[in-house]
Amino acid sequence: MLSLRVPTPTSFRRLHAGRSRLSRDCLFSYSPSFVNRGVRLRVRSTKSEVVFTPTEEEEEVTLPEELQPELMPKHVAIIMDGNGRWAKNQGLQPWDGHRAGVEALKEIVELSGRWGIQVLTVFAFSTDNWIRPRIEIDFLFSLFERSLKSEFQNLAQNNVRISIIGDSSKLPKSLLRLINEGEEGTKNNKRLQLIVAVGYSGKYDVLQACRGIAQRVKDGEIDVDEIDEGLIEQELETNCTEFPYPDLLIRTSGELRVSNFLLWQLAYTELFFAQELWPDFGRSGYIEALMSFQQRQRRFGGRKS
Amino acid sequence: MAELAGQIKRMNGGINQLLEQIFGFSRRCLFRVISMGPIPNHLAFIMDGNRRYAKKCGLEEGSGHKAGFSALMLMLQYCYELGIKYVTIYAFSIDNFRRQPEEVQCLMDLMLEKIKSLLEKESIVHQYGIRVYFIGNLALLNDQVRDAAEEVMKATAKNSRVVLLICIAYNSTDEILQAVKKSCINKLDNIEASGSYKHEDSDIEAKDMENQEKKIQLVDIEENMQMSVAPNPDILIRSSGETRLSNFLLWQTGNSQLCSPAALWPEIGLRHLVWAILNFQRSHSYLEKRKKQL
């Protein structure tokens with residue numbers, strides 16, 4: 001397997017990934033990097049299992065040596081806290097912090113896909129965040145729109161499925177339209193599911209599940225006695241994924257709270273509190289969190305013999 | 001010779017008493033200093049690590065839980081001295097029924113013994129005027145434990161100084177499930193009782209209001225939660241270093257500060273409590289500001 005690295009001229013950023021045959025046994029593949037690190041060219045034998053993956057430096061194709069593949073969590077949830085404080089520390093405006101936060105998110109999404117994590121849920125905007133200044137909220141939504149537009153191709157090429165959960169009733173119509181297009185356009189992607197919680201709170205999720213169940217009881221579809229935990233799980237917004245319960249929750253910026261994120265789903269989730277602010281949380285922070293997860297003993301109320 | 005031994009023993013006893021009084025006095029001074037800042041109203045504990053403690057000290061099965069009970073009594077005393085009004089403890093989870101039957105039985109026997117001891121005159125509940133609630137799916141307990149629990153709740157119903165909530169046969173998802181069921185039943189009963197209103201087509205606002213009233217609201221679920229007898233915990237402390245909620249108070253700890261000292265539960269002490277409260281005081285003013293804004 002050969003690997004070449006070329007610098008990134010601007011025109012390459014829009015390059016679509018593709019493969020072409022060099023010979024009967026050789027495939028030549030190229031794809032743009034998610035974070036503009038350059039275009040990677042790779043030649044590999046067709047005799048080995050050929051699965052389309054974005055190409056990076058050799059040592060990053062496999063899992064970092066600190067992590068064990070059999071202990072990787074299926075579902076990681078992240079509370080991306082600290083953008084405002086990061087901006088303040090740098091002497092910048094809050095929106096610069098959010099922009100830096102989006103870049104950090106892109107890196108984590110890429111790493112998650114590469115390291116075999118199947119679901120990544122991120123807390124982008126809570127119901128509590130509505131109290132922020134209107135100018136910041138408007139900026140956040142326009143940043144979200146811009147990011148969705150610019151990253152849609154990347155998501156598609158990297159086989160990432162995007163889903164949005166939360167109360168969408170207060171979101172601007174243009175954003176809602178983009179969200180629907182994004183969800184529809186990526187619904188068949190299988191490598192990584194990125195769930196973005198916007199206008200979300202754990203209590204709201206349980207409440208809307210409760211309302212859904214009440215409606216079904218009223219319509220005679222189910223009996224009150226048939227209401228059980230499985231039914232509530234089906235009605236929660238995380239029913240958009242096969243793995244609704246996070247194995248690991250990471251919160252950045254050193255705050256030791258869950259802040260009403262994924263209430264029901266966090267029953268047995270391992271919690272990890274990182275000191276760094278979100279824009280500074282990169283590969284090394286992620287590895288530290290995953291290493292901590294892999295060392296935990298999960299008993300789910302029972303006993304390890 | 002025996003007289004000398006007796007005298008030494010009495011002296012030791014005297015010294016111990018003196019040391020205890022000095023420690024007690026220093027502790028109360030420390031609490032006075034801490035009380036200058038905000039004190040949490042409600043503390044919750046996940047008492048994890050009893051069995052590991054027994055193994056570590058080479059004790060027999062069951063001794064870890066007994067040591068854990070002593071640690072709990074000490075913690076309750078400190079909370080009382082600090083003026084913390086509500087304390088919740090995770091005594092036994094519904095998931096714990098999956099353990100070996102011998103261990104479950106041993107725990108049930110210990111709990112029965114300790115619950116009965118709460119009824120004694122010298123017990124801590126009478127000393128401090130504690131009202132006790134047993135929170136959980138009590139139907140899953142055996143008759144003896146359930147009856148003892150109900151007796152304690154009845155006997156302490158008039159106390160009001162401090163509230164102790166003991167979560168036994170409890171799971172947060174089970175608590176939420178029961179609240180959801182009750183909310184559904186109540187709402188459906190209300191709809192049936194009120195009948196349907198006939199509105200004019202132009203009376204959209206009234207129709208909207210009616211639709212809103214028909215929908216289950218957050219307060220409907222919350223008032224049906226067993227834990228609604230207490231405010232939300234300010235701090236949740238889980239011993240033994242594990243950092244997870246293990247299906248405990250998921251609904252109520254959304255904004256609680258989470259602490260996970262590495263000490264096993266029987267090793268938990270004053271310094272862990274003080275550390276948790278100091279951390280709470282650090283973030284308290286920011287949280288209060290947020291609460292007012294909401």
Task: Filter result for B:VAL145 (buried (at least 20 other Cβ atoms within 10 Å of the Cβ), in contact (Cβ under 8 Å) with a residue 12 or more places away in the chain and more than 26 Å from B:PRO233 (Cα to Cα)) - done: yes
TODO: Residue by residue through the range B:51-78, note down the ones that are away from chain A (no Cβ under 14 Å), within 11 Å of B:LEU264 (Cα to Cα) and buried (at least 16 other Cβ atoms within 10 Å of the Cβ).
DONE: B:TYR53, B:ALA67, B:GLY68, B:ALA71
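Can you pull out every residue in the range B:235-244 that is within 19 Å of B:LEU287 (Cβ to Cβ) and either without any contact (Cβ under 8 Å) to a residue 12 or more places away in the chain or more than 12 Å from the chain's Cα centre (by Cα) (or both)? Steps first, please.
If we filter the range B:235-244 for residues that are within 19 Å of B:LEU287 (Cβ to Cβ), which is where we start, we get B:235-237.
Selection gives nothing.
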TODO: Go through the residues of the range B:131-145 one by one and say whether even a single one is of a type in the set (A, V, I, L, M, F, W, C), within 22 Å of B:ASN41 (Cα to Cα) and in a helix (DSSP H, G or I).
DONE: no
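Out of B:ILE94, B:ILE89, report the one residue that is β-branched (Val, Ile, Thr), within 14 Å of chain A (Cβ to nearest Cβ), touching a residue at least 40 places away in the same chain (Cβ under 8 Å) and surrounded by 14 or more Cβ atoms within 10 Å (Cβ to Cβ).
Values: B:ILE89 fails: within 14 Å of chain A (Cβ to nearest Cβ).
The unique qualifying residue is B:ILE94.
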- [ ] Out of A:ASP225, A:ASP247, report the one residue that is within 11 Å of another protein chain (Cβ to nearest Cβ), over 30 Å from B:TYR286 (Cα atoms) and surrounded by fewer than 22 Cβ atoms within 10 Å (Cβ to Cβ).
- [x] A:ASP225
Open item on the list: List pairs: first residue in the range B:51-80 and over 24 Å from B:LEU165 (Cβ atoms) and free of Cβ contacts under 8 Å to residues at least 40 places away in the same chain, second residue part of a helix (DSSP H, G or I) and of a type in the set (A, V, I, L, M) anywhere in the structure, Cβ distance under 9 angstrom, at least six positions apart or on different chains.
Closed with: B:ALA54/B:ALA67; B:CYS57/B:ALA67; B:LEU59/B:ALA67; B:GLU60/B:ALA54; B:SER63/B:ALA54
Task: Residues of the range A:261-271 that turn out to be within 17 Å of the chain's Cα centre (by Cα) and in a loop (DSSP other than H, G, I, E, B), as a count - done: 3
- [ ] Would you be able to say whether some residue in the range B:117-124 is touching a helix residue (DSSP H, G or I) at 6+ places or on another chain (Cβ under 9 Å), more than 18 Å from B:TYR170 (Cβ to Cβ), part of a helix (DSSP H, G or I) and among the aliphatic types (A, V, I, L, M)?
- [x] yes
Task: Residue, farthest from A:LEU290 (Cα to Cα), within the range A:80-125, restricted to residues that are outside any helix (DSSP H, G or I) and polar (S, T, N, Q) - done: A:GLN93
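Every residue, every condition in (1) crowded, with 21+ Cβ neighbours inside 10 Å; (2) among the β-branched types (Val, Ile, Thr), yes or no:
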{"position": "B:ASN224", "(1), (2)": "no, no"}
{"position": "B:SER228", "(1), (2)": "no, no"}
{"position": "B:ILE237", "(1), (2)": "yes, yes"}
{"position": "B:ARG244", "(1), (2)": "yes, no"}
{"position": "B:GLN252", "(1), (2)": "yes, no"}
{"position": "B:GLN257", "(1), (2)": "yes, no"}
{"position": "B:PRO261", "(1), (2)": "no, no"}
{"position": "B:LEU273", "(1), (2)": "yes, no"}
{"position": "B:PHE280", "(1), (2)": "yes, no"}
TODO: Identify the residue in the range A:251-260 that is surrounded by 24 or more Cβ atoms within 10 Å (Cβ to Cβ) and within 18 Å of B:ARG238 (Cβ to Cβ) and, among all such residues, is nearest to the chain's Cα centre (by Cα).
DONE: A:ARG251
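From the list A:ARG298, A:ARG216, which one is basic (Lys, Arg), more than 7 Å from chain B (Cβ to nearest Cβ) and part of a helix (DSSP H, G or I)?
Going through A:ARG298, A:ARG216 in turn, the sole match is A:ARG216.
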Open item on the list: Going by what's in this entry, would B:LYS187 be described as free of Cβ contacts under 8 Å to residues at least 60 places away in the same chain and either within 11 Å of chain A (Cβ to nearest Cβ) or under 27 Å from B:VAL219 (Cβ atoms) (or both)?
Closed with: yes
- [ ] Determine which single condition B:ILE22 fails, assuming it passes every other condition in (1) touching a residue at least 40 places away in the same chain (Cβ under 8 Å); (2) more than 23 Å from the chain's Cα centre (by Cα).
- [x] (1)
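Quickly run through the range B:32-50 and pick out the residues that are surrounded by fewer than 18 Cβ atoms within 10 Å (Cβ to Cβ) and either more than 16 Å from B:LEU236 (Cβ to Cβ) or at pLDDT below 90 (or both). Reasoning before the result, please.
Taking the range B:32-50 first, the residues surrounded by fewer than 18 Cβ atoms within 10 Å (Cβ to Cβ) are B:32-38, B:41.
B:ARG32, B:VAL33, B:ILE34, B:SER35, B:MET36, B:GLY37, B:PRO38 - these are the residues of the range B:32-50 that are surrounded by fewer than 18 Cβ atoms within 10 Å (Cβ to Cβ) and either more than 16 Å from B:LEU236 (Cβ to Cβ) or at pLDDT below 90 (or both).
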Task: Hits in the range B:257-273 (condition: farther than 18 Å from B:ASN232 by Cα, free of Cβ contacts under 8 Å to residues at least 24 places away in the same chain and either in contact with a Pro (Cβ under 8 Å, 6 or more places away or on another chain) or within 14 Å of chain A (Cβ to nearest Cβ) (or both)) - done: B:SER260, B:ALA262
TODO: State the number of residues belonging to the range A:221-241 that are under 31 Å from the mean Cα position of the chain (by Cα) and farther than 13 Å from B:GLN178 by Cβ.
DONE: 11
TODO: With respect to B:CYS184, determine if the residue is of a type outside the set (Val, Ile, Thr), under 15 Å from the mean Cα position of the chain (by Cα) and surrounded by 18 or more Cβ atoms within 10 Å (Cβ to Cβ).
DONE: no
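Out of the residues in the range A:126-150 that are in contact with a strand residue (DSSP E or B) (Cβ under 9 Å, 6 or more places away or on another chain) and not in a strand (DSSP E or B), state the one that is surrounded by the most Cβ atoms within 10 Å (Cβ to Cβ). Spell out the reasoning first.
Looking only at the range A:126-150, we keep the residues that are in contact with a strand residue (DSSP E or B) (Cβ under 9 Å, 6 or more places away or on another chain), and these are A:126-127, A:129-130, A:137, A:140-141, A:144, A:148.
Pick out the ones that are also not in a strand (DSSP E or B) and you get A:127, A:129-130, A:137, A:140-141, A:144, A:148.
On the way: A:THR127: 17, A:ASN129: 17, A:TRP130: 14, A:ILE137: 16, A:LEU140: 20, A:PHE141: 17, A:PHE144: 22, A:LEU148: 18.
By that ranking, first place goes to A:PHE144.
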Open item on the list: Condition first: among the polar types (S, T, N, Q) and surrounded by 13 or more Cβ atoms within 10 Å (Cβ to Cβ). Now tell me which residues in the range A:160-182 satisfy that.
Closed with: A:SER163, A:SER168
Task: Residue check, A:ARG211 assigned to a loop (DSSP other than H, G, I, E, B) and of a type in the set (Lys, Arg) - done: no
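The values are calculated or read from the model by the stated rules, or taken from the named source; none is laboratory data. Worth saying up front: this structure is predicted, and the values here are computed from it rather than measured. Cβ sites come from the backbone with ideal geometry, for glycine too, and all protein chains shown count toward neighbours.
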